[in-house]
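Heads up: the structure comes next, in structure tokens.
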Amino acid sequence: MNRPLRLIGLFGFIAVVAIALWTAHTRSAKRSSQESLKETMHSAITNPIAFAKNRFTGGVGAVLVTDPATGLLLIKKVLVGSPAETAGLREGDYIVQVDGVATSGRKLVENVESIRGFSAGSVTLTVQRAGSTNIQCVIHRSSWKSLGISQ
């Protein structure tokens, strides 16, 4: 790789870490029970990949399984306070489409990975609930850290 590209990559990484530290600092000032700035900096320095992954990627806060009878994605559990709960998803709902792509016939890992992503992003789910027509909802992802999940 040539030198200019390496420098651009390095400065980009430093910028991401700096923004994450600033964000963590402003949030920790509001919440004294959260990790201190010192712990945040230590985490960012010792394991920057895990630090970025926990704060910049995430999901909707639902435990999913594949229903063996239908092959559809089934919501097994919805985490309290999660974006899935806020959107009104319930245990027993079937996710029939993720961003317009059918979930039947796909592996569980493929469906889960299509729901996960950048924590500031969103995903459109088409949900089938017993006794009702399909519901389409746009859910904004939360970071793993805010969902209480360590990656």
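The values are calculated or read from the model by the stated rules, or taken from the named source; none is laboratory data. Given the structure is predicted, the values throughout are model-derived calculations rather than measurements. Here Cβ is always computed from backbone atoms with ideal geometry, including for glycine, and neighbour counts include all displayed protein chains.
A few remarks follow.
- In segment 96-112, residue surrounded by the fewest Cβ atoms within 10 Å (Cβ to Cβ) [restricted to those that are closer than 16 Å to ALA84 by Cα and free of Cβ contacts under 8 Å to residues at least 40 places away in the same chain]: ASP99
- Hey, GLY105 modelled with pLDDT of 90 or more and not in a strand (DSSP E or B) or not: no
- Test: ALA84 is among the small types (Gly, Ala, Ser) and either closer than 30 Å to MET41 by Cα or not in a helix (DSSP H, G or I) (or both): no
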